[in-house]
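Colleague: Shown below is the structure under consideration.
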Amino acid sequence: MIKTSYSLANTTKKKHESSQLKRMLFLYRYFRKYGGLLLLSLVLLLLTSLASIGLLYFFKVLIDDNLAKGDYSGLISTVIGIGVVSVLRSVTSYGRIHVVGLIGQKALFELRKDIFDHLQELPLQFFTENKSGDIIARVTNDVEYVNRFLSEGFIQLLEVFFNLIAVGIVVFLLDIALTQLAFVGVIFLVVFLFVQGTFLRKSTRRSLDENGSLSSSIQEMLGGFRVMKGFAQEGLIAERFIEVNARYKKASLLQASIDALSSPGLELITRLSILSILIVGVQRVIGGVMTLGILVSYWAYIYQFFQQVTSLSSISSNIQSGLAATARIQELLAMQTNIFTSGDPYLPKYEEIKGKVEFDHVHFSYEDGVEVLSDVAMLAKPGKKIAVVGPTGGGKTSFVGLIARLYDVDKGLVLIDDVDVREWDLETIRYAVSYVLQDTFLFADTIVNNLRYGKPDATLEEMEGVLRLLGVWDFIDALPEKLETVLEQNGENLSLGQRQMLSIARTFLSDPKIVVLDEATANIDTRSEQMIIQAMDTLMQGRTSFVIAHRLSTVENADHIVFIHESRILEQGSHEELMSRDGKFSEMYRKYREAG
Amino acid sequence: MNLLKKSLFPYLLQYILAAVFLIFTVLITVALPKLSGDVIDQVNTGKFAQGTIVLIGILVASAFLFDYAQAVLSAWVAEQVAYNLRLQVVDKVLGQTYQYVLQTTPAKLLTVLTNDIVNIRRAIAQNLLQVVSSVFLLLGSVVIMLSINAKLAGILFLLIPLLVLVFVGIFKKLIVLFQKTQLALDKVNRTIDENIKAASLVRVFVAKTMEIAKFFKNNEELRDIGTQIVLNFAILFPLVLLIVNGGMVLIFWFGGTDVIQGNLTIGELSAFYFLLLLFLFPIIRLGFISGEIGRAVTSAKRVDEVLKSEVTFVDGVEPLTSFTSLELRDVVYKDVLKKVNFTVSKGETVAIIGPTGSGKSLLLHVLLRFLDPDSGTVLLNGKPIHEFSIHDLRAKMSFVLQENILFGGSILENIAFGNPQATKDDVIHVAKIAEAHDFISGFTKRYDEVIGERGVTLSGGQKQRLTLARALLIKPEVLILDDATARLDILTEQRIISNIKRELPNLTLINVAQKVASIRDATRIYVMEDGEMIASGTHEELLVSNFSYQQITLSQQQHHD
């Protein structure tokens, strides 16, 4: 069985970058539904371009007809024409920016939503294989680049494109020979933009990736601050940072040097083209093939034409970084869950779920060839309490994780109420099975909202009931804001033990049919734990429970004990059965008793 | 602003050179329309001279060289400054206390090191020089316009106050919106960050819809502010364009009249047309740049705040050759530690037990000098602890925290964290003491196995054993354990403790634990409750004398009988 890799860094290294066209099409998907508005903005864009051409036309009339012939009244009407067209152009361009802006913001909203929603569908492995700094960068930083691509890149590109076509037609009509010359200039520009753009995109991609590493390195330094201080390893951390910092500087400087070429390069080609047009034009005027008026207005048009092209330099930079960022977003969105759901899921009424759990010759691994669980079989009858014991690293956490399909088995079956968990409706199963996880996590929110996490409609009375039962009500009641107290990030204004108590309360409030406690009380003092154990006897009534703990009391109370050692269930049965068997478990149990 | 000056200073020469190159570029840019106008007039009057065209060609080529040179130079300077600022800030933070990091919050420090420094870099690479070029462009075009026709130039100057008015009006609104964006972004970041950290929780509680709704709200806020910003820009650009076109109308009106009356040539008027664009462009750009520079100045202030933060930590000079005793006298920290007294002498094993939230971890933070007490004294070998060199102190005292903090990198690097020069044999030796060697040997790459950012591929008990091995590697004289064996079974724990006692017979051990079994043999046990030491003594003494301790012990024995 080949395990899927969820590492984003791997996809980058393997150069699985999508093609430019695919990236464009991907972004286009977000605009498709605004077809009408998009069309409107294109019409407005066209009108703006026409108005710009109109202005240049008036300019030609002004010089060739009015000024050259000294026609004063003609001058006045031309100037009025310029004024009117100017107002029209401002109105259409206002309309266009307005409409495009609205669409753009909506599209970005959808994009961010899609990424975030997609993250919710990804399996746990994705989050263990990737650095959180990099994931966050893709949702925020990279979307920001797409934003710039849309607002200051793509639309402007369209505008330039329209203008170029319009002006191109006009200059072509004015003078074919000069236009051929201009065309050569355009070819140079396109080649330049293509070559430079390719390098720019690649260097931008590298700089974005190095930026991700820099953030991750800073996050690690701040997160491990005490460990660093305590081992006086500021030097080592500084050394590592200097390396990442230098790598980022190098990537960023390379990107900047390539980006710096855009504007001067385009200017150079533009000016040389204009200059050659001027030289040839002058010769033609001197030769009498062309009037001066036509040259001047041609020159004005072509100036306008190339000015549009020059504005491509910042557009090009925005487009290249936008496309580089799009590739990073697509990589994330291409990750697929490996927890597949059945097309016709088993969906029992919640009250009818009994909570019978069965493992049938289950094999499981995180990476190829390293089995974390081998040939595991057990049966938990509804409402029974199962103790999962054994040395750390033996596979206990993975074992309980398979029940609610946090991971799927490689081989064998996990059944709840005699139905393969993969046949179950995934949400129903996760409602039915609730965990108190080893790593306690609380949100930077009020205690109430944290408790409601598993059951959004839990009443204050229900909360108070559970908290009283667990013996934590008094400590919460003593807080100035009581249940409305806002917790700091990860609840750091509480002790670890207090955090664990809240997470236990949260789990029981969600009213699960099957409850899993994974070392839920490790950092709680034993007197509080006593209270919690008693409370749990009440709370566990009618629920099947799996308890991982190192304390003997848990084991003695259990209906069934599963002893997991080195990926296998070595022994299982009731406490009496295991003790009378005189195997590994009873040996361990005796040693524990002597020790404790 | 001071910070900007100071950090720019070492590269001033290069930066000035960049500015000079830029000025050349600008001058050429200004001169080109005039020269082209000359060519047309020469043709018109039949006095066409090739020299002008050659001159234009030379200028065009040198403009390219100057422009590219200045862009690369200023980018180089900006990167150097950003690189140095990041180093300075990291250096400062590394020298700061844990207290400082807690108060400033890691989130803010991260933003300072990334966002804020990027803002400064952008200002140096582009905006500051753009001010120079805009001013020169403005001045240059003014001079040329005045030289061509003072009346027309005067008309154009009338447009300036109008443009300023428009910019000030709209930017006032935009700045408020920019600030709002920053706050909305903070919220978005926090939601995503929490969502990633709570990935398993979200799945276990089927909280997908709740998380999606939470993010939806943040996202909507961002969209609404973004829309407002876009709409303001939608007004700004066409309005500025309209003013510029208004200027054009005036030029053609008055200029055209002058041409007809013979006071102005057609070439001059068309040069004026291009100068109009050239002249208004820098004004418009200055408007935008001022926003960017404002942002950079705010960022520079935030960076400076970190760099100028006072280091309350004072290192001592007294060398610490060997440990004899550690004592707390009436130590108070906020309202968590209330006049705590505590002593430990060389070779003793001292334990602290007490309910959740009683202040045990904080007490250890004070012992380790992570936090300095508000009042009271910490005595090391009978002298105030701050008189000793922190370097010596760290070399003698080691610790395992309650949270299992590991770094990215291999297992080997993590265990050797306290002494990167340690040999692999040293690492294996301590891993064996910490009962970690066996499970490490089970990994495909053994000691070279890389652990994730948050060390998630390891179980809680495995992480605890790695942090124990790391603590032992520096061969400490004092070892402080904060609930460091909570995730280990009692047998593993006792094996580890006896391994430690065997390998480091003179070790002084300070052990915070929940299990009486783990601490029963301690020389002295402190019972801590609600920030106070309510009793101390041996296990046997406390069993007789202290009610709380009796309760704790009883709670752990109940189920045995």
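Colleague: Please report, largest first and rounded to whole Å, the three semi-axes of the ellipsoid equivalent to region A:19-334, where each semi-axis is the square root of five times an eigenvalue of the C-alpha gyration tensor. Walk me through the numbers on the way to the answer.
Modeller: Numbers: eigenvalues 493, 113, 47 Å².
Here the semi-axes work out to 50, 24, 15 Å.
Colleague: Quick one: which residues, 5 or more positions from residue A:571 or on another chain, have an amide H under 5 Å from its amide H? H modelled 1.01 Å from N in the peptide plane, none for Pro or chain starts.
Modeller: A:563
Colleague: Same structure again: If you take each beta carbon of peptide B:164-177 and count the beta carbons of other chains within 10 angstrom, what is the mean? Present the calculation step by step, with values, prior to reporting the outcome.
Modeller: Values: counts 0, 0, 0, 0, 0, 0, 0, 0, 0, 0, 0, 0, 0, 0.
Going residue by residue through B:164-177 and averaging, the value is 0.
Colleague: Run the quick spin-label model on residue A:250 and residue B:341: label points 7 Å from Cα toward the beta carbon, then report their separation in nm to one decimal.
Modeller: Placing both labels 7 Å along Cα→Cβ, they lie 6.0 nm apart.
Colleague: So if we plug the beta-carbon distance of residue A:556 and residue A:377 into 1/(1 + (r/R0)^6) with R0 = 25 Å, what FRET efficiency do we get, rounded to 0.05? All intermediate terms of the calculation are to be shown ahead of the outcome.
Modeller: On the way: r = 24 Å, r/R0 = 0.95.
Using R0 = 25 Å, I get an efficiency of 0.55.
Colleague: Can you list the lysines whose alpha carbon sits under 24 Å from that of residue B:339, skipping same-chain ones fewer than 8 residues off?
Modeller: B:360, B:383
Colleague: Residue B:410: net charge of surrounding residues, Cβ under 13 Å, Lys/Arg +1, Asp/Glu -1, itself excluded?
Modeller: Every neighbour counted, the sum reads +1.
Colleague: Which lysines have a Cα less than 27 Å from the Cα of residue A:381, not counting those fewer than 8 places away in the same chain?
Modeller: A:349, A:354, A:356, A:396, A:411, A:455, A:513, A:584
Colleague: What is the set of long-range amide H partners of residue B:324 at a cut-off below 5 Å, with H atoms built 1.01 Å from backbone N?
Modeller: B:381
Colleague: For a label point 7 angstrom out from the Cα of residue A:577 toward its Cβ, which stretches of region A:337-381 have the backbone nitrogen within less than 12 Å?
Modeller: Those under the cut-off are A:378-381.
Colleague: What's the angle, to the nearest 10 degrees (0 to 90), between helix A:35-60's Cα axis and the longest principal axis of chain A?
Modeller: 20
Colleague: Magnitude of the Cβ-charge dipole of region A:463-566, K/R +1 and D/E -1, about the Cα centre, nearest 20 debye?
Modeller: On the way: 8 positive and 16 negative charges, 41 e Å.
Using only the charged Cβ atoms, the result is roughly 200 debye.
Colleague: Still on this structure, please answer the following. Which of B:232, B:96, A:545 sits closest to the plus end of the dipole of the protein assembly as shown, meaning its Cα is farthest towards the positive end, when Lys and Arg get +1 and Asp and Glu get -1 on the C-beta?
Modeller: Of B:232, B:96, A:545, it is B:232.
Colleague: Right, here's the next one. Taking a quarter of the surface of the convex hull around the Cα atoms of region A:102-248, what do you get in nm²? Please list the in-between numbers first.
Modeller: Numbers: hull surface 52.5 nm².
Orientation-averaged projected area of the Cα hull: 13.1 nm².
Colleague: Hey, another quick one. Output wanted: per-residue J couplings in Hz (rounded whole) for region B:416-421, from phi through Karplus 6.51 cos²θ - 1.76 cosθ + 1.60, θ = phi - 60°, x for Gly and Pro.
Modeller: Coupling constants for region B:416-421: 7, 3, x, 8, x, 7 Hz.
Colleague: Find the all-direction average of the projected area of the Cα convex hull for chain B, expressing the result in square nanometres with one decimal place.
Modeller: Working: hull surface 146.5 nm².
Projected area, direction-averaged: 36.6 nm².
Colleague: About the Cα centre of region A:444-516, how large is the charge dipole given +1 on each Lys and Arg Cβ and -1 on each Asp and Glu Cβ? Please answer in debye to the nearest 20. Show your work: numbers first, answer last.
Modeller: Working: 7 positive and 12 negative charges, 66 e Å.
Taking the Cα centre of region A:444-516 as origin, the dipole is about 320 debye.
Colleague: Considering only A:443, A:398, A:150, whose Cα is most displaced toward the positive end of the charge dipole of chain A, charges sitting on Cβ of Lys, Arg (+1) and Asp, Glu (-1)?
Modeller: Final value for the positive-end residue is A:150.
Colleague: Which residues' amide hydrogens lie under 5 Å from the amide hydrogen of residue A:411, considering only partners 5 or more residues apart or on another chain, with H built in the peptide plane?
Modeller: A:363
Colleague: Now for a different question. Show me, for region A:425-439, the HN-Hα J-couplings you get by feeding each phi into the Karplus relation (A = 6.51, B = -1.76, C = 1.60, θ = phi - 60°), rounded to Hz, glycine and proline as x.
Modeller: Whole-Hz 3J(HN,Hα) from phi for region A:425-439: 5, 4, 5, 4, 5, 6, 5, 6, 10, 10, 10, 10, 7, 4, 8.
Colleague: Let me ask something additional. Which whole-number percent is the relative contact order of region A:354-594 (Cα, under 8 Å, 6+ apart)? Before the final figure, lay out each step's value.
Modeller: Numbers: 442 pairs, mean separation 66.0, N = 241.
The normalised contact order for region A:354-594 reaches 27 percent.
Colleague: For residue B:445 and residue A:24, FRET efficiency with R0 = 35 Å and r from the beta-carbon atoms, rounded to 0.05? Let's see the in-between values first.
Modeller: Values: r = 41 Å, r/R0 = 1.18.
My answer for the efficiency is 0.25.
Colleague: Which whole number gives the average count of other chain Cβ atoms within 10 Å of the Cβ atoms across peptide B:401-409?
Modeller: Numbers: counts 4, 5, 9, 2, 8, 4, 11, 7, 2.
Averaged over the peptide's residues, the number is 6.
Colleague: If you average the sequence gap of Cα pairs under 8 Å that are 6 or more apart and divide by the length of chain B, what percent do you get for the contact order?
Modeller: Values: 705 pairs, mean separation 80.6, N = 561.
That works out to 14 percent.
Colleague: Starting from the Cα of residue B:391, step 7 Å along the direction of its Cβ; do the same at residue B:160; then give the gap between the two resulting points in nm.
Modeller: 6.1
Colleague: Just to be sure I understand: if I project the alpha-carbon convex hull of the protein assembly as shown onto a plane and average over all orientations, what area do I get in nm²?
Modeller: Working: hull surface 194.9 nm².
Its Cα hull, projected and averaged over all orientations, spans 48.7 nm².
Colleague: May I ask you to derive the relative contact order of chain A, considering only C-alpha pairs under 8 Å and at least 6 residues apart, and to give it as an integer percent? Don't skip to the answer; put the middle values down first.
Modeller: Working: 782 pairs, mean separation 85.8, N = 596.
Dividing the mean separation by the residue count of chain A yields 14 percent.
Colleague: Please give the residues of region A:37-77, grouped as numeric ranges, whose backbone N is less than 13 Å from a label point set 7 Å along the Cα-to-Cβ vector of residue A:91.
Modeller: A:48
Colleague: Nearest 20 debye, what's the magnitude of the dipole of the protein assembly as shown about its Cα centre given +1 on Lys and Arg Cβ and -1 on Asp and Glu Cβ?
Modeller: Working: 111 positive and 119 negative charges, 651 e Å.
Charge dipole of the protein assembly as shown: 3120 debye, to the nearest 20.
Colleague: Still on this structure, I have one more. How many percent of Cα pairs in region B:325-560 exceed 30 Å? Numbers along the way, then the final one.
Modeller: Values: 7277 of 27730 pairs.
Summing the P(r) tail past 30 Å for region B:325-560 gives 26 percent.
Colleague: What ranking of A:507, B:209 emerges when the number of other C-beta atoms within 10 Å of each C-beta is taken as an exposure proxy, fewest first?
Modeller: Values: A:507 27, B:209 12.
Listing A:507, B:209 from fewest to most nearby Cβ atoms yields B:209, A:507.
Colleague: Specify, per residue and in Å³, the volume enclosed by the convex hull of the alpha carbon atoms belonging to chain A. Before the final figure, lay out the partial values.
Modeller: Details: hull volume 127.9 nm³, N = 596.
In chain A, the Cα convex hull volume per residue is 215 Å³.
Colleague: Quick one: Karplus J couplings for region B:52-64, per residue in order, coefficients 6.51, -1.76, 1.60, θ = phi - 60°, nearest Hz, x for Gly and Pro?
Modeller: Whole-Hz 3J(HN,Hα) from phi for region B:52-64: 4, 5, 4, 4, 4, x, 4, 4, 4, 5, 5, 4, 4.
Colleague: Here's a follow-up. As I understand it, the dipole of chain B uses +1 on the Cβ of Lys and Arg and -1 on the Cβ of Asp and Glu, about the Cα centre. Which of B:112, B:200, B:345 lies farthest toward its positive end?
Modeller: B:112
Colleague: Follow-up. Find out how many positive minus negative residues lie around residue A:543, taking Lys and Arg as positive, Asp and Glu as negative, among other residues whose Cβ is under 10 Å from that of residue A:543. Intermediate results must be reported in sequence, preceding the final value.
Modeller: Details: positive: A:384, A:385, A:513; negative: A:511.
For residues surrounding residue A:543, the net value is +2.
Colleague: Oh, and also: What is the sum of charges around residue A:195, taking Lys and Arg as +1, Asp and Glu as -1, for the other residues whose C-beta is under 13 Å from the C-beta of residue A:195? Could you put the intermediate results ahead of the total?
Modeller: Numbers: positive: A:201, A:202; negative: none.
Summing Lys and Arg as +1 and Asp and Glu as -1 gives +2.
Colleague: What's the lysine pair count for region A:19-334 at a Cα cut-off below 18 Å, pairs eight or more apart or interchain? List each step's numbers first, then the result.
Modeller: Numbers: A:22/A:202; A:33/A:106; A:33/A:113; A:60/A:69; A:202/A:249; A:202/A:250.
Close lysine pairs found across region A:19-334: 6.
Colleague: What 222 nm value per residue comes from the helices of chain B, counting each DSSP H run with n ≥ 4 as -39,500 (n - 2.57) and dividing by all residues, nearest 500 deg cm²/dmol?
Modeller: Working: 22 runs with 361 residues, N = 561.
Counting only the DSSP helices, I get -21500 deg cm²/dmol.
Colleague: For peptide B:249-256, how many partner chain Cβ atoms fall within 10 Å of a residue's Cβ, on average?
Modeller: Details: counts 7, 2, 2, 12, 7, 1, 4, 11.
Averaged over the peptide's residues, the number is 6.
Colleague: A further question on this structure: Angle check, please: helix A:584-595 long axis (alpha carbons) against the longest principal axis of chain A (alpha carbons), in degrees 0 to 90, nearest 10.
Modeller: Rounded to the nearest ten degrees, it is 80.
All of the numbers you see were taken from the coordinates with simple rules; none came from a lab. Owing to the predicted nature of the structure, the values given are computational and were not obtained by experimental measurement. So basically every Cβ, Gly included, is an ideal-geometry build from the backbone, and we count neighbours across all protein chains shown.
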